[in-house]
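In what follows, a single structure is set out as structure tokens and then discussed.
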Amino acid sequence: MENLVDIIRRMPKAELHLHIEGTFEPELMFKIAQRNHIQLKYGSVDELRKAYQFNNLQDFLDIYYEGARVLQTEEDFYDLTWAYLERAHTDGVLHTEIFFDPQTHEANGVQFKTVISGIHAALRDGYEKLGITSCLIMSFLRHLDESAAITLLNEALPYREMITAVGLDSSERGNPPEKFERVFSMAREYGFLTVAHAGEEGSAENITNTVELLKVARIDHGNSCLDDKKLVNLLVERQIPLTLCPLSNLKLKVVGQLEDHPLSKMLQLGLMVTVNSDDPAYFGGYVNENYIAIAKALNLDRNQIYKIARNSFEASFLPLSIRKKYISLLDDQFIK
Ligand code: ADE
Ligand code: ZN
């Protein structure tokens, strides 16, 4: 196992499910709060970390939106994104596809331009200084109306070149994919790729409708797909990737223990699974910790780890030539 941990740490990988607001480490949150003269609910970093006990997705989202309140300026978004990129770089991440939630920040009086300019400047530096390639996925908050998502989509059009895909996150329960059929269709017409969270706290039916109605290129999470054989066949046939997040699932009690995580079964069935960190500052681990924890819990072998890392590039939105280049770097490390 020790050997596999070393392999995981140094192997090239892509991260495909990462909310930039979910990388907000308490230390940086306190620093930025002070800079912006914002009072946090918690007195110290330790107190804040202790509050990270969640019973479900909503418990987490309440605290996550509260933390995002601190982010006000372009510099804040730059610092947040840069801190993540440096960390991802040490984890062997060559490419990352990052969600951002403009509606969260607009509710805090922060303009779209401020958010995207700060994040984008850091991504540019990430490429120039660290060699990390990246793209942005603009997420609609599904607890809000579709009309609000359409307003956001129109607002994003002047920044079209900076955004690769749109996504759908926040509370799955009570906010099914059907609610967003129109805005996803508009987004596709504008040339955006689409992804959506589904089957995290929701049913297999939510995943089916996400595939059929929203016509997504990937499903974020997708844990509950195993409840429906027909859906599994469809996901396997079309090789629709699932961006799994094991430590998130554990913290949000989607699984009782990692040993019960569906990843092994999914691999066995031929589903295209990937491993990601979701909101690492809140769930206790970046991408490597996710790989290591799930490998230990499910006793994954070298071939399975290779397959998951390879999938991370195959499932990415990178041009084929760069995907191939990254996979050959992965092969260099494995075929020795
Ligand atoms: N926003 C940030 N993390 C999320 C998750 N795991 N599920 C839904 N919405 C989110
Ligand atoms: Zn997520």
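Here are the numbers:
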{"read-out": "Cross-link partners of K41 among lysines (Cα-Cα below 20 Å; sequence separation of 8 or more within a chain)", "value": "K31, K50"}
{"read-out": "Mean Cβ neighbour count within 10 Å, used as a protection proxy, ranking 194-203, 85-94, 263-272, 48-57 highest first", "value": "194-203, 85-94, 263-272, 48-57"}
{"read-out": "The stretch 17-113: relative contact order as a whole-number percent, Cα under 8 Å and 6+ apart", "value": "43"}
{"read-out": "Of all DSSP beta bridges in the chain, antiparallel share, percent nearest 5", "value": "0"}
{"read-out": "Point-charge dipole on Cβ atoms (K/R +1, D/E -1) for the chain, about Cα centre, debye to 20", "value": "840"}
{"read-out": "Within the accessible area of the chain (1.4 Å probe), percent carbon and sulfur", "value": "49"}
{"read-out": "The chain: C-alpha gyration tensor shape, a/c 1.5 cut-off, then a/b vs b/c", "value": "rounded"}
{"read-out": "Farthest toward positive dipole pole in the chain [+1 Lys/Arg, -1 Asp/Glu at C-beta], among A187, L48, T274", "value": "T274"}
{"read-out": "Order by protection proxy (mean Cβ within 10 Å, highest first), peptides 38-44, 132-138, 101-107", "value": "132-138, 101-107, 38-44"}
{"read-out": "Percentage relative contact order, the stretch 4-329, counting C-alpha pairs under 8 Å, at least six apart", "value": "20"}
{"read-out": "Peptides ranked, highest mean first, by Cβ atoms within 10 Å: ranges 15-22, 177-184", "value": "15-22, 177-184"}
{"read-out": "Violating pairs (Cα-Cα greater than 22 angstrom) within the set K179/K215; K113/K215; K13/K215", "value": "K113/K215; K13/K215"}
{"read-out": "Whole-angstrom gap from the stretch 1-38 to the stretch 87-158, using each part's C-alpha centre", "value": "16"}
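The values are calculated or read from the model by the stated rules, or taken from the named source; none is laboratory data. Note that the structure is a prediction, hence the values are computed from the model and not measured. Cβ: placed from backbone, ideal geometry, glycine included. Neighbour counts: every protein chain shown. Keep in mind that these areas ignore ligands, DNA and RNA; they rest on the heavy atoms of the full protein, side chains included. Shrake-Rupley method; radii C 1.70, N 1.55, O 1.52, S 1.80 Å.
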